[in-house]
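Colleague: For reference, the structure I am asking about is given below.
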There are 4 protein chains.
Amino acid sequence: MENEIASYKLVIKVHHLDTFGHVNNAVYLQMFEEARWDVVGGRGYGLDMIRKTGHGPTILEIHMAFQRELTLGMKIDIRTQLKSYEGKVAVLKQWIVNEAGETCCTTDFKIGLFDLKLRKLILPTPEWLQAIGMSKPLV
Amino acid sequence: MENEIASYKLVIKVHHLDTFGHVNNAVYLQMFEEARWDVVGGRGYGLDMIRKTGHGPTILEIHMAFQRELTLGMKIDIRTQLKSYEGKVAVLKQWIVNEAGETCCTTDFKIGLFDLKLRKLILPTPEWLQAIGMSKPLV
Amino acid sequence: MENEIASYKLVIKVHHLDTFGHVNNAVYLQMFEEARWDVVGGRGYGLDMIRKTGHGPTILEIHMAFQRELTLGMKIDIRTQLKSYEGKVAVLKQWIVNEAGETCCTTDFKIGLFDLKLRKLILPTPEWLQAIGMSKPLV
Amino acid sequence: MENEIASYKLVIKVHHLDTFGHVNNAVYLQMFEEARWDVVGGRGYGLDMIRKTGHGPTILEIHMAFQRELTLGMKIDIRTQLKSYEGKVAVLKQWIVNEAGETCCTTDFKIGLFDLKLRKLILPTPEWLQAIGMSKPLV
């Protein structure tokens with residue numbers, strides 16, 4: 001069974017463009033992050049929760065593949081899906097789909113839950129698992 | 001024989017930090033880009049050259065691994081090295097080293113030279129090969 | 001008769017915050033610009049129009065006053081209104097209102113229409129006057 | 001007697017440019033902020049000091065005038081000078097000078113020292129007065 005695919009819609013605006021008239025690679029990561037906060041915040045794990053628990057997400061690796069350029073006015077859908085969670089490390093997939101249903105960028109994030117005081121990765125808590133989109137309990 | 005390693009030094013300042021007090025993943029890509037422009041610009045391939053030739057670099061894939069956090073005041077060295085150029089696709093490695101000589105982030109970029117009018121990848125030109133740091137002529 | 005007040009709604013998200021946990025002054029200008037493009041773009045003066053006519057807006061002066069802090073989760077309304085257009089120089093007012101109806105930031109922009117080839121200010125064209133929100137024809 | 005003029009040098013690079021090929025107004029504020037941190041940090045009032053004292057600078061008003069465009073490759077000097085400090089409110093002037101010695105942008109900031117716990121403006125402390133560039137003691 002696959003975990004739920006969350007959707008976050010965005011329109012490419014002038015401020016997303018760089019001096020070459022398209023969306024710079026760093027801005028993709030900003031848009032993916034905006035989508036992740038929308039997803040985990042909507043499931044109860046916003047900044048308040050991070051401050052309360054002292055546990056926040058951290059990124060270990062990112063693998064991006066760019067398939068189609070993003071240009072002004074495009075209406076995109078940023079999709080987010082948890083692919084796996086093994087031990088302390090999850091693989092979260094995010095990808096951008098244009099109005100024609102074509103994939104424009106696919107990115108895998110290796111992430112973990114980080115204890116902000118102990119400064120180390122910890123096992124996922126139930127609140128975090130729910131926020132990140134784990135549909136069923138870990139066995 | 002390995003290609004030359006270019007060096008670009010930077011100090012982490014307040015404006016590099018996000019609300020968590022460290023450097024956000026998107027800012028790493030901005031710093032890597034700043035270093036790349038410094039490197040290829042210094043070897044004669046700046047914006048002017050792109051406008052003149054109509055050929056500019058494009059990014060196909062990015063693979064980042066984060067080893068150590070970047071925090072305020074750190075003096076870092078962003079290193080850039082061309083690893084390979086096969087057909088139309090190059091692998092460019094960039095990595096961040098702190099003052100203790102430890103690697104903080106390692107990133108591989110799959111890039112190519114893009115014809116801005118034809119909107120497609122082309123074989124590397126001699127000017128571009130030199131700018132990107134190919135030490136010896138392609139055979 | 002006052003010119004129309006345009007409204008652009010925004011929610012303050014994590015990526016708007018700086019390392020002090022609030023919205024940095026530079027981000028206010030980004031949000032105002034996002035609102036202006038929404039307003040003038042919606043009235044037919046987007047990037048396409050600028051490229052077609054060779055006439056784009058330019059900013060001569062900015063006067064910002066900060067009344068209330070913007071923090072995470074706030075739902076704000078960015079309002080835009082043309083106050084005057086005398087010769088080549090317009091005064092455009094933008095201000096941010098929170099959910100309680102309180103003003104958080106008030107900004108006056110002195111702007112003009114710029115001929116991108118001649119590199120100088122020009123008198124407003126009818127298309128630009130309409131886009132910027134002039135309700136009645138200039139006498 | 002005038003207070004000291006601090007100098008912060010910067011080169012306009014590709015990442016400073018927006019889709020119109022020049023430096024966007026919001027980026028001016030980022031560059032001014034980068035210069036201010038350099039100035040007050042160099043005089044002992046960095047982030048550490050703000051965390052230790054619980055007193056940080058806050059901006060009340062900004063008045064920017066743009067005289068000359070900033071474009072790629074320009075070597076600029078951002079100058080910072082305290083003009084006055086009356087009660088809780090200081091006027092800090094920052095301006096950008098190009099290589100020809102011409103002023104490109106002039107900005108006045110009304111700022112104050114803010115108690116981060118009490119959430120209100122306070123009178124300047126000696127450490128802050130020194131950092132902000134007050135050459136002589138207040139009478």
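The values are calculated or read from the model by the stated rules, or taken from the named source; none is laboratory data. Keep in mind that this is a model prediction, so the values were computed, not measured. Virtual Cβ from ideal backbone geometry, glycine too; neighbours counted across all protein chains shown. Just the protein is used for accessible areas: all its heavy atoms, side chains included, with ligands, DNA and RNA removed. Shrake-Rupley method; radii C 1.70, N 1.55, O 1.52, S 1.80 Å.
Colleague: Please list D:Ser135, C:Ser84 from largest to smallest accessible area, probe radius 1.4 Å, with all protein chains kept in place.
Modeller: D:Ser135, C:Ser84
Colleague: Still on this structure, please answer the following. Find every distance from the label point of D:Gln130 to the corresponding label point in the other copies (7 Å from Cα along Cα→Cβ) and write them in nm, one decimal, shortest first.
Modeller: 5.3, 5.3, 6.3
Colleague: Something else about it: Ranking request for peptides B:102-112, B:45-55, C:28-38: highest mean number of other beta-carbon atoms within 10 Å first, then the rest in descending order.
Modeller: Sorting B:102-112, B:45-55, C:28-38 by mean packing, highest first, produces C:28-38, B:102-112, B:45-55.
Colleague: How far, in nm to one decimal, is D:Glu86 from itself in the other copies if the label point is set 7 angstrom along Cα toward Cβ? Shortest first, please.
Modeller: Copy-to-copy label distances at D:Glu86, shortest first: 2.5, 6.8, 7.1 nm.
Colleague: Where does each of C:Glu69, C:Glu61, A:Glu4 land when they are ordered by accessible area, with a 1.4 Å probe and the largest first?
Modeller: Putting C:Glu69, C:Glu61, A:Glu4 in descending order of accessible area: A:Glu4, C:Glu69, C:Glu61.
Colleague: Based solely on its DSSP helices, what 222 nm [θ] is calculated for chain A when runs of n ≥ 4 H residues each add -39,500 (n - 2.57) and the sum is averaged over all residues, nearest 500 deg cm²/dmol?
Modeller: Taken over chain A, the calculation gives -7000 deg cm²/dmol.
Colleague: If you take the Cα Rg of the range A:1-118 and divide it by 2.2 N^0.38 Å, with N the number of residues, what do you get?
Modeller: 1.12
Colleague: Next question, about the same structure. Remind me, relative contact order of the range C:43-122 in percent, using alpha carbon pairs under 8 angstrom and six or more residues apart?
Modeller: With pairs under 8 Å counted, the relative contact order is 35 percent.
Colleague: What number comes out for the charge environment of D:Gly54, summing +1 per Lys or Arg and -1 per Asp or Glu over other residues with Cβ under 10 Å away?
Modeller: +2
Colleague: Here is a follow-up. Roughly what angle does helix C:25-42 make with the longest principal axis of chain C, taking Cα atoms, 0 to 90 degrees, to the nearest 10?
Modeller: For helix C:25-42, the angle is close to 50 degrees.
Colleague: Quick check on my link table: of A:Lys52/A:Lys120; A:Lys13/A:Lys75; A:Lys13/B:Lys93, which ones sit more than 19 Å apart, alpha carbon to alpha carbon?
Modeller: Among A:Lys52/A:Lys120; A:Lys13/A:Lys75; A:Lys13/B:Lys93, the Cα-Cα distance tops 19 Å for A:Lys13/B:Lys93.
Colleague: So how far, in whole Å, is the C-alpha centre of the range A:32-59 from the one of the range D:42-105?
Modeller: 34 Å
Colleague: On to the next question. Apply the Karplus curve 6.51 cos²θ - 1.76 cosθ + 1.60, θ = phi - 60°, to the phi angles in the range C:80-87 and return the couplings in whole Hz, x for Gly and Pro.
Modeller: Listing the rounded values in order: 10, 8, 6, 8, 7, 9, 10, x Hz.
Colleague: Next question, about the same structure. Distances from B:Arg68 to the same position in the other copies: list them in nm, one decimal, shortest first, using label points 7 Å from Cα along Cα→Cβ.
Modeller: Spacings between copies for this position, smallest first, are 4.3, 4.3, 4.6 nm.
Colleague: Determine the relative contact order of chain B: mean sequence separation of Cα pairs under 8 Å and six or more apart, normalised by residue count, in whole percent.
Modeller: 30 percent
Colleague: Show me, for the range D:96-105, the HN-Hα J-couplings you get by feeding each phi into the Karplus relation (A = 6.51, B = -1.76, C = 1.60, θ = phi - 60°), rounded to Hz, glycine and proline as x.
Modeller: Calculated HN-Hα couplings, in order: 10, 10, 8, 5, 7, x, 8, 7, 9, 7 Hz.
Colleague: D for the protein assembly as shown, whole µm²/s, Stokes-Einstein with Kirkwood Rh over alpha-carbon pairs at 10 °C and 1.306 mPa s: what number?
Modeller: Calculated translational D: 62 µm²/s.
Colleague: Can I ask one more? How large is the dipole of the protein assembly as shown about the Cα centre if only Lys and Arg carry +1 and Asp and Glu carry -1, each at its Cβ, rounded to the nearest 20 debye?
Modeller: The dipole magnitude comes to about 0 debye.
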